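Each value in this text was obtained by applying a stated rule to the coordinates, not by laboratory testing. Because the structure is predicted, anything quoted here is derived from the model rather than measured. Cβ: placed from backbone, ideal geometry, glycine included. Neighbour counts: every protein chain shown.
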Amino acid sequence: MGLAILLGSISLQAQHKVSEELQQVFMKKDSILFDEGFNRCNLKLLETQLTEDLEFYHDLGGPSDKQGFLDSMAQNICGNPNQDYQRKLIPESVELFPLYNNGVLYGMIQHGKHEFFAKGKTETKFKKTGSALFSSLWILKDGDWLLKRAYSYHHGPN
């Protein structure tokens, strides 16, 4: 009985292995969302990465749909004339969990930790303002990965 559980556990772990190619795809997706969208305020590119029915859940800012999410980015992150913001991924924190339907890959759950920084327009250095965890549900649609659900939580000073 114990051996069967162990073998089943090994089998399940093997099913969750993500190829190097898929890992690179999701690091690039993360870069588009945050380096381009959050750090550089390229909201047009950011919008192309989202499903029409996006749901975003933030433990401090509440839930929003696609338009609410984009409006919030435009007003709060990109619209502050006195402040610049930056988000940095902690790469070693990223975990990927593939989702299959009858053996066909259709989605991916991405989980990780990131840190946030800010500086005034006249300052030269960013200062860390906090960190948070995130979990994202990506859906494969017409050969492209789109963000469908996003959770940003456990915001704190570290």
field: Unmet requirement for Asn102, which otherwise passes all of (1) among the polar types (S, T, N, Q); (2) more than 28 Å from Gln24 (Cβ to Cβ); (3) surrounded by fewer than 15 Cβ atoms within 10 Å (Cβ to Cβ)
entry: (2)
query: Is it fair to say Glu36 is assigned to a helix (DSSP H, G or I), out of contact with any helix residue (DSSP H, G or I) (no Cβ under 8 Å at 6 or more places or on another chain) and either surrounded by fewer than 17 Cβ atoms within 10 Å (Cβ to Cβ) or hydrophobic (A, V, I, L, M, F, W, C) (or both)?
result: no
field: Filter result for Ser31 (loosely packed, with under 15 Cβ neighbours inside 10 Å, of a type in the set (Ser, Thr, Tyr) and either free of Cβ contacts under 8 Å to residues at least 24 places away in the same chain or not in a strand (DSSP E or B) (or both))
entry: yes
message: Anything in the range 48-106 that is polar (S, T, N, Q), assigned to a strand (DSSP E or B) and free of Cβ contacts under 8 Å to residues at least 60 places away in the same chain? List them, or say none.
response: Ser64, Gln83, Gln86, Asn101
query: Can you tell me which residue in the range 44-71 is surrounded by the fewest Cβ atoms within 10 Å (Cβ to Cβ), limited to those that are farther than 19 Å from Asp144 by Cβ and among the hydroxyl-bearing types (Ser, Thr, Tyr)?
result: Tyr57
task: Identify the residue in the range 124-158 that is under 17 Å from the mean Cα position of the chain (by Cα) and of a type in the set (Ser, Thr, Tyr) and, among all such residues, is surrounded by the fewest Cβ atoms within 10 Å (Cβ to Cβ).
output: Tyr153
Flag if Lys119 is over 24 Å from Tyr57 (Cβ atoms) and in contact (Cβ under 8 Å) with a residue 24 or more places away in the chain: yes
